[in-house]
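**Q** Here you go, one structure.
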Amino acid sequence: MKAPAKQITTQFFLISSYLAGMIAVRGLGYQDFLYLTPFNLLLTLGLLVWNHEPRSSGLWQFMLLAYLTGYFIEVAGVGTGAIFGVYTYGEVLGWKLWGAPLLIGVNWVLVVYIGNEVLNRWLGDRPLIARAALGALIPVALDWLIEPVAIQYGMWQWEAGTPPLQNYLAWYAVSLFLSGAYQTWIGSALRNQAAPLILVLQILFFIILRV
């Protein structure tokens, strides 16, 4: 598919899926629509990968590392309460194994990828460690934005009612590690046309649901 057609197709599916969620959940009050979140995550990841050119071993290495790291850190987090704080997952994010949704690793792949790709547009010529350190802030900011919505709609719950500071510190530590992998294996020259749109749509989606 030619580049303009690919870009239009990507924009159509991304905007349609997120807009449908905003209208259904916030506009019409159909909270059960959120049970389609796993499908939206997979669609978003698929479109992100589709727009990653050229294909490289670095992409697959990063995705595998980010998924496994994200998933198993959540398993450990839920199981011990010692990493992010004491919390449990609901049913919205789909099938769980060892207390964590299997698709939570996909979320880690997405937020670290889009955070670093978008940041590289402004800091592409900075040292790798600076790009990784700043790129890790975007996933943390997204988590801060998502938390009230996730709690309200039963994605997960905190024992204390709200996430502790420990949660955000742990998010930054994990994001920094994965951002370093992104910057090493994928680098700063990539311009994925889907990444900025995904970031904007995620911000808008959760702001609207927070209002």
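**Q** Measure off 7 Å from each Cα along the Cα-to-Cβ vector at ASP125 and SER56, then give the distance between these two points in nanometres to one decimal.
**A** For ASP125 paired with SER56, the spin-label model returns 2.0 nm.
**Q** Under a crude label model (7 Å from the Cα following the beta-carbon direction), how far is ALA173 from ALA5 in nanometres?
**A** 4.9
**Q** Enumerate the residues in region 55-85 having an amide nitrogen under 20 Å from the point lying 7 Å beyond the Cα of GLU159 toward its Cβ.
**A** Hits in region 55-85 for GLU159 at 20 Å: 73-85.
**Q** Work out from phi, with θ = phi - 60° and the Karplus expression 6.51 cos²θ - 1.76 cosθ + 1.60, the ³J(HN,Hα) of each residue of region 72-86, listed in order in whole Hz, and give x for Gly and Pro.
**A** The phi angles translate into 6, 5, 6, 4, 5, x, 5, x, 10, x, 8, 9, 9, x, 8 Hz.
**Q** Among ILE151, ILE186, ILE207, ILE198, what is the fewest-to-most ranking by other Cβ atoms within 10 Å?
**A** Fewest-to-most ranking of ILE151, ILE186, ILE207, ILE198: ILE207, ILE151, ILE186, ILE198.
**Q** Please list 3J(HN,Hα) in residue order for region 144-150, calculated via the Karplus relation 6.51 cos²θ - 1.76 cosθ + 1.60 where θ = phi - 60°; whole Hz, with x for glycine and proline.
**A** Values per residue, Gly and Pro as x: 4, 5, 6, 3, x, 5, 4 Hz.
**Q** Roughly how many nanometres apart are two label points built 7 Å out from the Cα toward the Cβ at VAL211 and GLU91?
**A** Computed distance between label sites VAL211 and GLU91 equals 3.1 nm.
**Q** Using the Cα centre of the chain as origin and beta-carbon charges of +1 (Lys, Arg) and -1 (Asp, Glu), tell me which of GLY21, ASN116, LEU34 is placed farthest towards the positive end of the dipole.
**A** Value computed over the given set: ASN116.
**Q** Out of residues 5 or more away from ALA100 or on other chains, whose amide H comes under 5 Å of its own, with H placed 1.01 Å from N in the peptide plane?
**A** Correct list: empty.
**Q** Output the relative contact order of the chain, whole-number percent, from Cα pairs under 8 angstrom with separation of 6+ residues.
**A** Numbers: 263 pairs, mean separation 62.1, N = 211.
That works out to 29 percent.
**Q** Quick one: 3J(HN,Hα) in Hz for region 93-104, Karplus 6.51/-1.76/1.60 with θ = phi - 60°, rounded, Gly and Pro as x.
**A** 8, x, 4, 10, 9, 6, x, 10, x, 4, 8, 5
**Q** Taking amide H positions as placed 1.01 Å from N in the peptide plane, with prolines and chain starts having none, which residues 5 or more places from TYR87, or on another chain, fall under 5 Å of its amide H?
**A** Residues meeting the criterion, in which the H sits 1.01 Å from N, are GLU159.
**Q** Moving to a separate point now. Once you order the gyration tensor axes a ≥ b ≥ c over the Cα atoms, which shape class does region 3-210 get: rounded for a/c under 1.5, otherwise prolate or oblate by comparing a/b with b/c?
**A** Oblate shape, in that a/c is at least 1.5 and b/c is the bigger or equal ratio.
Every number in this text was worked out from the coordinates using simple rules, so none of it is lab data. Keep in mind it's a predicted model, so treat the numbers as computed, not measured. Every residue, glycine among them, receives a Cβ derived from its backbone with ideal geometry; neighbour counts consider all protein chains shown.
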